[in-house]
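Each remark here refers to the structure printed beneath this line.
Every read-out reported here was derived from the displayed coordinates using simple, explicitly stated rules and does not represent laboratory data. Computed from a predicted model, the values in this text were never measured in an experiment. In this analysis, Cβ positions are derived from the backbone assuming ideal geometry, glycine residues included, and neighbour counts consider all displayed protein chains.
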Amino acid sequence: MIMPKIAVIEDDIAIAQMYRMKFEALDWEVETANNGVFGLQLCEHMRPDIILLDIMMPEMTGDEMLTKLRATDWGRDIKVIILTNMGESEVPDVVKTLNVEAYILKADMTPRQVAELIQKTLKEPES
């Protein structure tokens, strides 16, 4: 597998750094942003293979960022995993219409489990 490019859009710096360290240890290219505004800019520049996206963030929420991302030619097909403390039922309905690969409760998965999910998601053939 070629080295995946991962964008971690997460306002909790400690969580973002934890994922950065885990993914860099796997020799993955990782960039982080702490809100949706910077996240959108980062994704346009980086063109990641997959995005870990928090919902509750300052400046621009994850669902707002995802809506804007999906409206672009370059962002329409990027794989996105929602990484949040919200239960799936609490996630804004619009997210469910925006082609998300998975919802992860931050408290429920270790960085290793998230890395395994990313690997599995990136290996799945495009439908």
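Quick notes
- Three-way shape call for segment 13-88 based on the alpha-carbon gyration tensor, with the a/c threshold at 1.5: oblate
- Within a Gaussian network of the chain (alpha carbon springs, distance under 10 Å), most fluctuating of 17, 113, 41: 113
- Global geometry of segment 63-105, whether rounded, prolate or oblate, following the gyration tensor of its Cα atoms and the 1.5 cut on a/c: prolate
- Alpha-carbon radius of gyration plus Dmax, which is the widest Cα pair, for the chain in Å: 13.1, 35
- Amide H contacts of residue 50 (H built 1.01 Å from N, under 5 Å, at least 5 apart or other chain): 5, 7
- Here each label is just a point 7 Å from Cα along the line to Cβ, and for residue 37 and residue 22 those points are 2.9 nm apart.
- Between 62, 36, 87, the GNM of the chain built on Cα springs shorter than 10 angstrom shows 87 fluctuating the most.
- GluC sites (Glu not before Pro) lying in DSSP loop within segment 21-127, provided at most 11 other Cβ fall within 10 Å: 90, 126
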